[in-house]
1. Step by step: first the residues of the range 354-375, then only those that are under 16 Å from the mean Cα position of the chain (by Cα) and open to solvent by less than 10 Å² (accessible area, probe 1.4 Å), then the one that is nearest to Ala425 (Cα to Cα). Which residue is that?
2. Could you go through the range 633-651 and let me know if any residue there is in the same structural domain as Tyr540 (by the TED database), part of a loop (DSSP other than H, G, I, E, B), closer than 22 Å to Glu291 by Cα and open to solvent by 40 Å² or more (accessible area, probe 1.4 Å).
3. State which residue is nearest to Asp292 (Cα to Cα) when the search covers only the range 178-228 and only residues that are open to solvent by 50 Å² or more (accessible area, probe 1.4 Å) and of a type in the set (Ser, Thr, Tyr).
4. If we keep just the residues of the range 428-457 that are open to solvent by 30 Å² or more (accessible area, probe 1.4 Å) and outside any loop (DSSP other than H, G, I, E, B), which is nearest to Glu165 (Cα to Cα)?
5. Where in the range 477-583 are the strands (runs of 3 or more DSSP E), entirely inside, with at least 2 residues that are among the aromatic types (Phe, Trp, Tyr) and open to solvent by less than 20 Å² (accessible area, probe 1.4 Å)?
6. Kindly check whether there is at least one residue in the range 599-622 that is open to solvent by 30 Å² or more (accessible area, probe 1.4 Å), among the hydroxyl-bearing types (Ser, Thr, Tyr) and closer than 29 Å to Leu272 by Cα.
7. Which of the residues spanning the range 229-273 are surrounded by fewer than 18 Cβ atoms within 10 Å (Cβ to Cβ), in contact (Cβ under 8 Å) with a residue 40 or more places away in the chain and of a type in the set (Ser, Thr, Tyr)?
8. Please go through the range 146-177 and pick out each residue that is among the β-branched types (Val, Ile, Thr) and surrounded by fewer than 17 Cβ atoms within 10 Å (Cβ to Cβ).
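The values are calculated or read from the model by the stated rules, or taken from the named source; none is laboratory data. None of these values were measured; they are calculated from a predicted model. Note: ideal-geometry Cβ built from the backbone for every residue, glycine included; neighbour counts use all protein chains shown. When the accessible area is computed, the model is the full protein with side chains, heavy atoms only, and any ligands, DNA or RNA have been set aside. Shrake-Rupley method; radii C 1.70, N 1.55, O 1.52, S 1.80 Å.
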Amino acid sequence: LSWASRPGLPPASAAALLASGPDGEMLWLDVNHRPGQAPWVQLMGRYLLPPCKQRWHTCAAFLPQEGLLICGDRRGSLLLFPCSSSSEWSANGSTDLVVKDSSNELEPSCLLHKEPLPLEFPLSVLYGLHGKTGVTSVTIHRGFIYSTGRDGVYRQLRLRDQQLEVLWKHRPCKGLQWIEELRFTPDGDLLVLGFHADNFVVWSSRTSENLHCIPCGGGHRSWSYCSSPSAEVFTFIKSGDVMLYHCEGKPCEQQVLLPSLHGREITCVRRLGAVEVPGHATLNVFVTGSEDTTTCVLVLSECSRAAVPLVRLSDHISSVRTLAFAMGPGDEGFGDEGLSALLFSAGGRAQIECYRLLCTGDRSSESAVACQVIHVASHRLDEHWERKKNRHKLVKMDPETRYMSLSVLPGTSTKQQPTRWKFLAAACSDGSVRIFGLLEAARKLVLVAESFHHERCVLKVEAFLHTRAGGERHLLCSAATDGSIVFWDITGTIVDAADALHKAEGEMQPLALDAPLVTVMAHSCGVNSLHIHETAEGQYLVASGSDDGSIHVCLLEVALGRGEAAAGTCLDVLQRVSRPCAHAAHVTGIRVLRPDLLLSASVDQRLTLWNLRQGELVPLSTTFFHVPDLAELDYWEVVETGGELRYYCVLCGQGLEML
């Protein structure tokens, strides 16, 4: 038995009672009650649950505007059923029951029997969504559906053409394997109610901390929780006794000086863009990844100087080391609906996750920005290996492989498949450079090509598109721990991969990358930062920073032959500039702002501006920043009202700083 509220009806007068019976049949009963009168019960619908060992429902909620009923079952599945109003049912015939009070006994009495109601089947089924331990609650909030289960995660879903679609999932905190319910507070906080071992826990999503932790013996018992500004009450049954926990409401004496973004070091940061909200200064949206295995979408305001998290993504099982964006549609990222992009995150355990982000202005929220997330696809190399044929004849990939760097290939639409597939390059710790293809509509992320040319850990990768006279070429630059920078022409590989994916409907054996075009020995040890800037003349400035504190810049020119093969592409190194000991520690961030201006950042906590002239790097100015153990640097340009051009940068490590 379970109760479900009927939106639009007074809760004191009517409620919906759902009862699971034999052979998976679930009844919807409307119970009406008024003071001084006997309750009146009306059978509204009959539904059939899908077959499973423990065939009963555990929770339900109504979607009145759509005329639908969503429920979760003991098998962990979410089910969507059609539901009709009482007026529609009375036309088809219904069964009414009344509860009479006679001699202090409650007895059901059937007033009227008409033709039986039809048995409804599910419109949409997400089988085993929350695992075999069952769905614990279903909640409707602001048009979205939220489900919880004993698998330790809650999910956000939406309806699309009367089908349930999972947008994303979130694991609130480690150890909370039993989530029982979600509560949305008026001040915008999301409270997660669940059980950690034998304790009842109330977890605040805003502050990422336990508000209450009450020993009760675990979740296998009857319990109830109620909160108000004046008091909070938790009651439960233990060993046949009714126990009551009562807490008076009191003002919070804790003063947070600076809220945390992550629990450990921030390893990567990218600026998504700016959102304009009337009445607010320009709000910059960033995405950060961390050693704590989470990715955070946050807003940083120049006026308030406060970083407000919008969404935390917790799909990674190991640290997040690198991020990449594909702005879209059309690579502009801006429009009437807000800021939209594909986000790729990758890191330990050879795992890549892909999300669609949509950020829009929202005056009602604390951050003035709302962020909607849709989980698009994921990929893990060990799962890919398990699907291989004849894998017993192959050497298994290292499960500890880490993705060190990602880069989205620009303009990868082909004549055969325009705008369908997007391609992503990855630098891997097992010595390989890998290319992945993403089909967003089908939510597929496929490994399409790889090369182990480096034979050592590849630290950085950057993709760029050459579109000058003579043809269009997809070029790739990769850098490894030996200080080498390798340039590839992957045009033929991308075309072949797009054709193979189209013919095989998204499944293919990985291709081999062609031999590199040129290798530049830029440093004596690992390359920790890499950036490519195209000049007005169609040449390319490639800047890199190393573990030994040195900076290297080379000027490249692409020469295209008349043939279509990769052999027709030639890279000429026109100029090389090196600055040994530019910093006193690893150079972990470098950006070419313009052909004569270079920005570098190091673990020595110095941000230096360099002038590139007459074959040498000349320091212009140095600024000390406050973030220790610098991991990455990102920058963007802003044209002020008077036409003045400004450069902004964001640094991450043991903290986050914008300059």
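1. Residues of the range 354-375 under 16 Å from the mean Cα position of the chain (by Cα): 354-359, 370-375.
This time we only want the ones that are open to solvent by less than 10 Å² (accessible area, probe 1.4 Å), so: 354-355, 357, 359, 373.
Values: Cys354: 14, Tyr355: 17, Leu357: 20, Cys359: 26, Val373: 23 Å.
The selected residue is Cys354.
2. Just the residues of the range 633-651 that are in the same structural domain as Tyr540 (by the TED database), to begin with: 633-651.
Checking the rest, the ones that are also part of a loop (DSSP other than H, G, I, E, B) come to 640-644.
If we keep only those that are closer than 22 Å to Glu291 by Cα as well, we get none.
Scanning the range 633-651, I find no residue that is in the same structural domain as Tyr540 (by the TED database), part of a loop (DSSP other than H, G, I, E, B), closer than 22 Å to Glu291 by Cα and open to solvent by 40 Å² or more (accessible area, probe 1.4 Å), so the answer is no.
3. Within the range 178-228, the match that is nearest to Asp292 (Cα to Cα) is Ser208.
4. Checked the range 428-457; the qualifying residue nearest to Glu165 (Cα to Cα) is Lys444.
5. Working: elements: 484-489, 518-521, 527-534, 540-546, 551-560, 569-579.
So the answer is 484-489.
6. yes
7. Of everything in the range 229-273, just one residue is surrounded by fewer than 18 Cβ atoms within 10 Å (Cβ to Cβ), in contact (Cβ under 8 Å) with a residue 40 or more places away in the chain and of a type in the set (Ser, Thr, Tyr), namely Ser260.
8. The answer is Val166, and nothing else.
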